Amino acid sequence: MGRLGGALMSEFEPKIVAFVCNWCTYAGADLTGTSRIKYASNVKIVRFPCTGRIDFMLLLKAFAEGADGIIVSGCHPNDCHYTSGNFHARRRWVIFRGLLNFMGIDVNRIQFSWVSAAEGAKWADVVNGTVTTIRELGPYTEYRKAADYLVQQDKSIIDGQEALIKSVSSL
Amino acid sequence: MKKCFISLAGLQRWLNVLIDTQKHLYAPVNKGAKVDFGRVASADEIVFDHIQTTQSAKSVAFPRTDVLFSYEKEKGKVQLENADLTAYPETVVFGLHPCDAAGFNPLGAIFNWDYKDELYNARMERTVVITLACTKADEYCFCTSVNGGPGNTVGSDIQLTPVKDGFLAEILTEKGEALVKADEAAFEADRGDVKEKYLVKLPEKFDIKTVQEKLQTAFESPIWKAQSQRCIGCGACAYVCPTCACFDIQEDAHGTKGKRLRCWDSCGFALFTLHTSGHNPRQTQAQRWRQRLLHKFSYMPDRLSVRGCTGCGRCSRACPVDMNIAEHLRSI
Amino acid sequence: MEDVLIEKKPAIAGNSFSGELQKTANELLQSGEVELFIGYEEGTRFPRPCFIASTDEVGKLIFDDRCTGNLAVYLTRKDLIGDKKVGITASYFALRSILRLLTEHQIQLDKLVVLTVSAEKEVIRFATTDDITAYLQTAPIPVREDDKALIEKLNAMSREERWEFWSAELSKCFKCYACRAACPMCYCTKCIVEENRPQWIQPWASTLANIEWHINRAMHMTGRCADCGACGAACPLGLPIHLLSHQIVQEVTDNFALDVNQAVSGDNALSTFKPEDKENFIK
């Protein structure tokens, strides 16, 4: 088991989705590239006008659709292109993170950062650090199991459908 | 019909045999502070002394979310695959009360009104219903007011009545007989117990004939507004009801493939009748409440010769604002 | 037969403060100061909301410790209230909801007579929002012992155990939306679950779709929730969903240095900010 487990773990490549703002972090990530700094290729970047625009539902959808980890990053406080978008975002993340933790959703899988347009090296560190963390945590199957809607239903009257669903979803 | 006696130990042994023969057994179990139906792995999980489970047993044949078919588009071609009805499990529902079993009658009428619903029918074919006659009732129960009763056998394949030291078993259908055969030795000879002696006496709360007559001309009545004032428009009553059959069709789409689903809906929701144009023919909660009562006590008897209510009282127990249906019917 | 019985409703419990209240409601209706009075009447097992439009019906009114439902939910119902002047008996938590509805411009105080009955059995009438705030700061906050115990239990759990607990509980939810219907703050004409372009939340009942719904419901309560517990009390399946909105209240008060009464009477906690807001996780 140890050997097999080890082999499986080393094969696990975390899927990371990064939600970043256009003005700071996206430009920062650009700088990482133009500076020829190498970093893990596990991340898929989604560009937003501002961290204030990043709805918490996007994070939940990312987990449901297969992300093992998430990065949310934007301008440092006082540097927001729209003056206060990141301050609003910060409040939202404080509340959201607290709620997720209360519900037992793994907040260690979400990395919140401030990365400016000048911080190309920091972006590489953020991505590499997140990949390392998620590699240790393993795939987030726990959450995706809940997304597999009919199979995971309450052990109530409905779960007799299990066989049916398996047969139907074999498509 | 055959009558037998079965002890509690015998009953549990028989149910465990059924579980061992790969049948899915659903029965009332403790869920937090409530009692509700759940799939059981052993007969000793079953709760016997509850008045009523929170939900009805309808989801055995009409689950809250059901797959109608799957589809996939590939190279311009669409592949459809219907739900595999043969994959539905052999199911035994145990411990539901006569009001729940009676609910399969109107439910079946709705699902076979014009179109024969294959999913519902396939599930019902594979389901055996074992009811527990009622020796207790609470202030919400009113089966006797809607032509039911604590020992009513409509919809049951087997009915058990708790008697001294065990149960009087009435084997009512062939399905029931087949089920008994799984462990015939558990059943003993009838002791001559008089069923009626053990049943709860539940006085009628209203005269159903009078109510139904009054409803014929009640469409414009001010009572709907008066009664529904406190209704907050949730779907709790419909979802716990053994006969409510309204559903919505939804699409679980992922790119080029997906599933089409049928899921529960309720006439109590404003969204239920909202048109794309923005017009809503049932604009107020009063209209929606009227629809609920008229559908159950006027339209269904007229069109399908069944009543959409079995007197289980669940809607009234589940209602956050105590819309007590028996009380409302009485006041019409 | 010992077995043969019809279970009776529990005996009326708690302190009854109804007499004084009936007198006040009678005066209000008689003088025409209010056209509709929203209060509680005796129900099948527990008190339930009632709507009184004439003095003949005033005798039904009750108010006691069992009247915990949040009547403020009816104040935004145009089909019930229209342009009428309305009187309401508000529980401690309903007063908070009324404050929030006033802040969000959903109701107007000049069309509303807000009453409560204090622990000293006095009928109190509030003239201004400041009066309500002052009362909320001094009156004892009703405690729900069961909730306290469950919260302690949850906080003592590991993250995995909490996930186990919540995913199992929320998997039972069948989306009747009684939680939404019972909440005074859920007055949106179109709820997020009814949005289908895009379809943020899957409309059917299943574990994840239920979890997403309840996270949304709780998040949308940030800085608005009165912590009345009406959502949990309304749940026909008895799911402790009010603990989610309670957690939000906790997060707001802990992180933004606001007490609940301040939070509900001020600008929305999420549409305001302070540059010096603290967190320890953005790196």
With R₀ set to 22 angstrom, the calculated FRET efficiency between the beta-carbons of C:Asp146 and C:Asp259, to the nearest 0.05, is 0.40
Gyration tensor (Cα only) of chain C to equivalent ellipsoid, semi-axes in Å sorted down, yields 33, 25, 19
Within the set B:Gln55, B:Gln212, B:Gln22, GNM on chain B using Cα springs under 10 Å gives the largest fluctuation to B:Gln22
Surpassing 24 Å at the alpha-carbon level, of the pairs B:Lys225/C:Lys111; B:Lys31/B:Lys181; B:Lys164/B:Lys201; C:Lys78/C:Lys121, are B:Lys31/B:Lys181; C:Lys78/C:Lys121
Computed from every Cα-Cα pair in the protein assembly as shown, P(r) in 20 Å bins starting at 0 and rounded to whole percents is 14, 43, 33, 9, 0
Binned at 5 Å from zero, the C-alpha pair distances of the range B:72-164 give percents of 3, 12, 18, 17, 15, 12, 8, 6, 4, 3, 2, 2, 0, 0
Taking Cα atoms only, helix C:92-103 is inclined relative to the longest principal axis of chain C by an angle, in degrees rounded to 10, of 80
Mean Cβ-within-10 Å packing, highest first, puts peptides C:237-250, A:125-138 in the order C:237-250, A:125-138
Here FRET efficiency (C-beta to C-beta, B:Ala182 to B:Asn105, R₀ 41 Å, nearest 0.05) is 0.95
For chain B, averaging the sequence separation of alpha carbon pairs under 8 Å that lie six or more residues apart and dividing by its residue count, the contact order in percent is 22
The set of residues whose placed amide H lies less than 5 Å from the amide H of C:Asp65, leaving out same-chain residues fewer than 5 positions away, is C:Asn15
The correct pair for the range C:18-138, radius of gyration to one decimal and Dmax as a whole number, both in Å and from Cα atoms, is 13.2, 37
Rounded to whole angstroms and listed largest first, the alpha-carbon spread of the range B:231-312 along its three principal axes comes to 45, 27, 24
Compactness check, the range A:14-139: C-alpha Rg relative to the 2.2 N^0.38 Å globular estimate gives 0.99
Note to self: C-alpha centroids of the range A:55-121 and the range B:58-130 sit apart, in Å, by 43
The aspartates and glutamates whose Cα lies under 14 Å from the Cα of C:Lys283, excluding any fewer than 8 residues away in the same chain, are A:Glu119, A:Asp125
Of the listed links B:Lys2/B:Lys175; A:Lys44/B:Lys259; B:Lys58/C:Lys172; B:Lys296/C:Lys172, those spanning more than 19 angstrom between alpha carbons are A:Lys44/B:Lys259; B:Lys296/C:Lys172
Taking chain B, the whole-percent share of alpha-carbon pairs separated by over 32 angstrom is 34
Hydrodynamic calc, the range B:1-160: Kirkwood Rh from Cα pairs, then Stokes-Einstein at 20 °C with viscosity 1.002 mPa s, so D in µm² s⁻¹ is 123
Taking the alpha-carbon centre of each part, the distance from the range B:254-305 to the range B:174-220 in Å is 30
One can check that the equivalent ellipsoid of the range C:204-283, built from the alpha-carbon gyration tensor with semi-axes equal to the square roots of five times its eigenvalues, has lengths in Å, largest first, of 26, 16, 10
The percentage of Cα-Cα pairs in the range C:94-219 separated by more than 18 Å is 68
With x for Gly and Pro, the residue-by-residue ³J(HN,Hα) of the range C:265-279, computed from phi through the Karplus equation 6.51 cos²θ - 1.76 cosθ + 1.60 at θ = phi - 60° and given in whole Hz, is 9, x, 5, 4, 4, 9, 9, 10, 6, 10, x, 8, 3, 9, 8
Over 31 Å (Cα to Cα) among B:Lys23/B:Lys73; A:Lys61/B:Lys77; B:Lys3/B:Lys116; B:Lys34/C:Lys84 -> B:Lys23/B:Lys73; B:Lys3/B:Lys116; B:Lys34/C:Lys84
Quick calc, A:Val46 & A:Glu11: beta-carbon distance into FRET formula, R0 35 Å, rounding 0.05, result 0.85
Most fluctuating of B:Gly258, B:Gly32, B:Gly313 in the GNM of chain B (C-alpha, under 10 Å) is B:Gly32
If exposed means GluC sites (Glu not before Pro) lying in a DSSP loop and surrounded by at most 14 other beta carbons within 10 Å, then the longest stretch of chain C lacking such sites spans residues C:196-275
Simple SL model, points at 7 angstrom along Cα→Cβ for A:Arg36 and A:Tyr82; separation in nm is 3.8
Taking a crude spin-label model, label points 7 Å out from Cα along the C-beta direction, the B:Asn280 to B:Phe69 distance in nm is 3.3
If exposed means GluC sites (Glu not before Pro) lying in a DSSP loop and surrounded by at most 16 other beta carbons within 10 Å, then the longest stretch of chain B lacking such sites spans residues B:91-203
Rg (one decimal) and Dmax (whole number) from the Cα set of the range B:46-122, in Å, equal 16.7, 59
Of the convex hull drawn through the C-alpha atoms of the range C:145-265, the volume per residue in Å³ is 119
Length gained, B:Ser221-B:Thr273, 0.36 nm per residue minus C-alpha separation, equals 16.6 nm
Label model pair B:Leu304, C:Asp110: point-to-point distance (7 angstrom along the Cα→beta-carbon line) in nm is 5.3
One finds the C-alpha centres of the range C:37-78 and the range C:215-254 to be spaced, in Å, by 23
Semi-axes of the range B:147-245 from the Cα gyration tensor (sqrt of 5 times each eigenvalue, largest first, whole Å) come to 40, 17, 13
Among C:Lys153, C:Lys23, C:Lys121, the residue with the largest mean-square fluctuation in a Gaussian network model of chain C built from Cα contacts under 10 Å is C:Lys153
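Since every read-out is calculated from the coordinates, none of them should be taken as a lab result. Keep in mind it's a predicted model, so treat the numbers as computed, not measured. So basically every Cβ, Gly included, is an ideal-geometry build from the backbone, and we count neighbours across all protein chains shown.
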